[in-house]
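For reference, the structure is listed below as structure tokens.
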């Protein structure tokens, strides 16, 4: 049996192999690693070691990845940077077919089979030629416990050093459609990537179910291509122009928002933030959209200006800094590449007692458009260069 076929068979059983130094390690579900199978693996150990070592290459991290890696090192068991997607599968669940589909997906996108060890003391991303999918299947006889079990699966830490950085959890319910939960570390994926992964996984799974050819174009670029592009961009005139803009925009004393709170800020980062969802009435939403059209601004610009007025009202501070994430994919070559592209930008606005809302809106529009023009400059690198106060 060929080595790749052997690896596929192990993957079908949920068995994962990886290399640590000169040792071959494994992770297997209970009772799957039989003495005979273990003996077969040991007999072919040198083949496995050579295969994995030949198919693994170390690459630099992007600046955004470096920041996330550092945060992970501070709290390696925290799920704060776990990214998840969950949905009901309104088609039949074939676990073997779903495992094959996920394995194909990992083959298409190298970030899903990447780990982040240290090399000479510095973090690198190690792209593995093959990595078995981490997939679990759980029967949920009591549907009232589904959310609790999904949350427990989501909160399991992801091991950046050894992997996997991508997990699949399937939950079967007797009277309802099964649920799939995808969990990835933010260092290898962003919201845009998630949409690509979900669409491709469903396409591949349906093809596997029906015995059809997987009709998806091969990726033309990888995240490693982006890392190289980012380094080149920073070294050329575009990067220098962007840095000059941000130095000017963030020159002088940078304000710290003195927002009145009912409790003091914790001395250490506890990752205890929550989301407060709310919905605007349809009538107000329509009025806001109409106002944005009238003033020739986007709805985002209008709401940002309103938010800054609110901050001014609460703090009486006229110099405001607001952070906002941007997609970070200005180069169309990387539009469908799976990876961590999102980048925070800083939007600085100056209000005064004489400023009308229309004048503020004009200022916000100008600030947003300029910031988007220079959005590719990595925020972590900007912080490193400017060293602002906290």
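The values are calculated or read from the model by the stated rules, or taken from the named source; none is laboratory data. What you see is a predicted model, and the numbers here were worked out from it, not measured in a lab. Because the Cβ atoms are built from the backbone with ideal geometry, glycine has one as well, and the counts that use them run over all protein chains shown.
Within the range 127-138, work out how many residues are within 15 Å of residue 111 (Cβ to Cβ) and buried (at least 18 other Cβ atoms within 10 Å of the Cβ). Number satisfying all stated conditions: 6. Of all residues in the range 326-359, those that are closer than 21 Å to residue 305 by Cα and out of contact with any helix residue (DSSP H, G or I) (no Cβ under 9 Å at 6 or more places or on another chain) total 6.
When the range 139-151 is filtered for residues that are assigned to a helix (DSSP H, G or I) and loosely packed, with under 15 Cβ neighbours inside 10 Å, the ones remaining, listed by number, are 143, 144, 145, 147, 148, 151.
Out of 114, 77, 145, which single residue is within 29 Å of residue 271 (Cα to Cα) and in contact with a helix residue (DSSP H, G or I) (Cβ under 9 Å, 6 or more places away or on another chain)?
Details: 77 fails: in contact with a helix residue (DSSP H, G or I) (Cβ under 9 Å, 6 or more places away or on another chain); 145 fails: in contact with a helix residue (DSSP H, G or I) (Cβ under 9 Å, 6 or more places away or on another chain).
None of the others qualify; the one that does is 114.
Scan the range 66-80 and tell me whether some residue there is crowded, with 19+ Cβ neighbours inside 10 Å, under 30 Å from residue 212 (Cβ atoms) and not assigned by TED's automatic domain parsing to the domain that holds residue 344. Scanning the range 66-80, I find no residue that is crowded, with 19+ Cβ neighbours inside 10 Å, under 30 Å from residue 212 (Cβ atoms) and not assigned by TED's automatic domain parsing to the domain that holds residue 344, so the answer is no. The set of residues in the range 300-356 that are over 30 Å from residue 111 (Cα atoms), under 31 Å from the mean Cα position of the chain (by Cα), without any contact (Cβ under 8 Å) to a residue 60 or more places away in the chain and not in a strand (DSSP E or B) comprises 302, 303, 305, 306, 307, 308, 310, 311.
I'd like the full set of residues that are surrounded by 10 or more Cβ atoms within 10 Å (Cβ to Cβ) and within 26 Å of residue 348 (Cα to Cα), limited to the range 260-270.
Initially, the range 260-270 is screened for residues surrounded by 10 or more Cβ atoms within 10 Å (Cβ to Cβ), giving 269-270.
Residue satisfying the conditions is 269 alone.
Confirm whether residue 380 is touching a residue at least 60 places away in the same chain (Cβ under 8 Å) and out of contact with any helix residue (DSSP H, G or I) (no Cβ under 8 Å at 6 or more places or on another chain).
Values: touching a residue at least 60 places away in the same chain (Cβ under 8 Å): yes; out of contact with any helix residue (DSSP H, G or I) (no Cβ under 8 Å at 6 or more places or on another chain): no.
No; evaluated as a whole, the condition is false for this residue.
Could you tell me whether the range 239-248 includes any residue that is over 23 Å from residue 61 (Cα atoms) and in contact with a helix residue (DSSP H, G or I) (Cβ under 8 Å, 6 or more places away or on another chain)? Yes, some residue in the range 239-248 is over 23 Å from residue 61 (Cα atoms) and in contact with a helix residue (DSSP H, G or I) (Cβ under 8 Å, 6 or more places away or on another chain).
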